[in-house]
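Heads up, the thing below is written out as structure tokens.
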């Protein structure tokens, strides 16, 4: 498989980024250290270049009908300028991908999907498009910068006349920022630290990046890699596709019942409703380590008798808490908060406790 470069690849190399293959792209994983970058986002402001993400535009009278069919959340509730977290259920009880749906206009929507699933998602949605919806894959022409942290608003406000404090969480506007027109300014992010995500045409991406860094000089702004992106999202308990959710995990098992709306019909709704009514067999949990150790994907989760009851899907050392945290699926009954569990870390069985994310408040 060919590995693609994001448009600002050379800029990241010049900034000293360690570049690694991720989701079919060469991406900056870190510039200094994961911990330093993580704390920059929690305490001030950092910028991620996540231009590997996919952007699809759906237009036409049937656009909403198609979205209602392929996604689990209820997109009919969206007003123009509002975004919604959702997922694409497959026909086998699992998840094709998780995504964000943006209502751009009366009959126009943007779907933002995971980089590793761009082709898969495109083919899946296309195969369900019997409504004559015009679909455009703008992924290669769109850059995405996530400007995240408590000082993100102050930084970006220097670059625009739009009152950013007026844009509520999961809402967006289109406008001029850093002298560049038609940027989508979205109050979303994958860090729990506040901030915005900016969608810009790749022709203007480098100019916008440089303007953001000029504006953030006094705030100690830094470029942030995918390493810190992972630890930040894990402190919030946000799912990562390929780790915590995939083609075999049900949205209900993954704790995504809140984006699974049985008030409308969607792909595999009947089977998922049946699963809800009959009860789940396993559940995605969060946990904190009581004993010293770092949980990692694939480690076994055990009960007090040493019997395996599940498996870790994501784990790390929390830079804020300085303890190991993780997520994983466990058999039903072991999922309740404050349940004592054990993680098999190499030869050691280490004590942990089931904790409802987010891990930091």
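The values are calculated or read from the model by the stated rules, or taken from the named source; none is laboratory data. Here the structure is a predicted model, which is why all the values come from computation and not from measurement. For neighbour counting, all protein chains shown are included, and Cβ atoms are generated from backbone atoms with ideal geometry for every residue, glycine included.
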Over region 256-271, the set of residues surrounded by fewer than 21 Cβ atoms within 10 Å (Cβ to Cβ) and either touching a strand residue (DSSP E or B) at 6+ places or on another chain (Cβ under 7 Å) or touching a residue at least 60 places away in the same chain (Cβ under 8 Å) (or both) is 259, 261, 263, 264, 265, 267, 268, 269, 271
The condition from (1) touching a residue at least 40 places away in the same chain (Cβ under 8 Å); (2) under 20 Å from the mean Cα position of the chain (by Cα); (3) surrounded by 21 or more Cβ atoms within 10 Å (Cβ to Cβ) that residue 63 misses is numbered (2)
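So that you can scan it fast, the table gives a plain yes or no per residue for (1) touching a helix residue (DSSP H, G or I) at 6+ places or on another chain (Cβ under 9 Å); (2) surrounded by 22 or more Cβ atoms within 10 Å (Cβ to Cβ); (3) at pLDDT below 95; (4) not in a helix (DSSP H, G or I):
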{"residue": "197", "(1), (2), (3), (4)": "no, yes, no, yes"}
{"residue": "207", "(1), (2), (3), (4)": "no, no, no, no"}
{"residue": "211", "(1), (2), (3), (4)": "no, no, no, no"}
{"residue": "214", "(1), (2), (3), (4)": "no, no, no, no"}
{"residue": "229", "(1), (2), (3), (4)": "yes, yes, no, no"}
{"residue": "232", "(1), (2), (3), (4)": "yes, yes, no, no"}
Inside region 154-173, the number of residues satisfying the requirement of being free of Cβ contacts under 8 Å to residues at least 12 places away in the same chain and either under 17 Å from residue 45 (Cα atoms) or surrounded by 15 or more Cβ atoms within 10 Å (Cβ to Cβ) (or both) is 1
Sole miss for residue 128 among (1) buried (at least 19 other Cβ atoms within 10 Å of the Cβ); (2) in contact with a helix residue (DSSP H, G or I) (Cβ under 6 Å, 6 or more places away or on another chain) is condition (1)
Considering region 43-60, residues that are buried (at least 20 other Cβ atoms within 10 Å of the Cβ) and outside any loop (DSSP other than H, G, I, E, B), and then whichever is farthest from the chain's Cα centre (by Cα), we arrive at 58
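Within region 245-254, is even one residue assigned by TED's automatic domain parsing to the domain that holds residue 155 and under 23 Å from the mean Cα position of the chain (by Cα)?
Within region 245-254, not a single residue is assigned by TED's automatic domain parsing to the domain that holds residue 155 and under 23 Å from the mean Cα position of the chain (by Cα).
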In region 176-192, residues that are surrounded by 17 or more Cβ atoms within 10 Å (Cβ to Cβ) and under 23 Å from residue 113 (Cβ atoms) total 10
Of the conditions (1) under 17 Å from residue 202 (Cβ atoms); (2) touching a residue at least 60 places away in the same chain (Cβ under 8 Å); (3) buried (at least 17 other Cβ atoms within 10 Å of the Cβ), the single one that residue 114 does not satisfy is (1)
| said: Being buried (at least 17 other Cβ atoms within 10 Å of the Cβ), assigned to a loop (DSSP other than H, G, I, E, B) and free of Cβ contacts under 8 Å to residues at least 60 places away in the same chain is the requirement here; does residue 344 meet it? | reply: no
Note on region 1-38: residues assigned to a helix (DSSP H, G or I) and buried (at least 16 other Cβ atoms within 10 Å of the Cβ) are 9, 11, 12, 34, 35, 37, 38
Has region 151-168 got any residue that is closer than 29 Å to residue 22 by Cα, at pLDDT 95 or above, touching a strand residue (DSSP E or B) at 6+ places or on another chain (Cβ under 8 Å) and part of a loop (DSSP other than H, G, I, E, B)?
no
- Query: Residues in region 123-143: is at least one within 17 Å of the chain's Cα centre (by Cα) and modelled with pLDDT of 95 or more?
  - Reply: yes
